[in-house]
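Below is one structure, written out as structure tokens; comments come after it.
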Amino acid sequence: MLVEKPIHSDFLYYLKDKDQALIELFTALRSFIWKLHPEANELLYHTHALTAVFTVSEKLSDGFCHIPIYTEHLNLGFNKGSLLDDPHNLLEGTGKWIRHIPVRSEADFRQNGVEELVQAAIALAQEDQTKPGKKQGQSISKIKR
């Protein structure tokens, strides 16, 4: 069984200001991703959105998905979503690479096809990875406070 990973204090500093329901939704989605790939690293950013990026190394370029937190919802974003097979038509977006699933409730990421998208994104990131990472299963803050 996967032990729940604590949220990094730098991320928590900003997360605590969000609505409690949004915090719980983020926590549930974060656990969902880590259950699918416990070796992933979580890179944490605070830019236009408070964001957790899951990678197969310590590099942003090796990211497979991300969770940006907005005012009233969050997204499950896929770094190379335009390359993923999406038979359930879950992905939204028109950018060159990134696609996302809007998440307003747990049902949005528990629906059929989401786990398969995450697994395919992990496989793609591993395939594209040029150098193996040195860390596994860690939260790495890129947040400047």
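Bear in mind these aren't lab numbers, they're just calculated from the coordinates by the rules spelled out. These figures come from a predicted structure and were not determined experimentally. We place every Cβ from the backbone using ideal geometry, glycine too, and count neighbours over all the protein chains shown.
Overview of results
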quantity	calculated
Cα Rg, Dmax (largest Cα-Cα span) when computed across segment 64-145, Å	13.8, 42
Peptide ranges 62-74, 32-44, 83-95 listed from the most packed, as the mean C-beta count within 10 angstrom indicates	62-74, 32-44, 83-95
Segment 74-145, relative contact order in percent, only Cα pairs under 8 angstrom and at least six apart counted	29
Cβ-based exposure ranking for Lys18, Lys142, in which fewest neighbours within 10 Å come first	Lys142, Lys18
Segment 128-145 - phi-based ³J(HN,Hα) in whole Hz, Karplus 6.51/-1.76/1.60, Gly and Pro as x	7, 4, 8, 9, x, x, 9, 10, 9, x, 10, 9, 10, 7, 10, 8, 9, 10
The chain - percent relative contact order, Cα under 8 Å, separation 6 or more	28
For segment 9-127, alpha-carbon Rg over 2.2 N^0.38 Å	0.98
Fewest-first ranking of Ile140, Ile7, using other Cβ atoms within 10 Å as the exposure measure	Ile140, Ile7
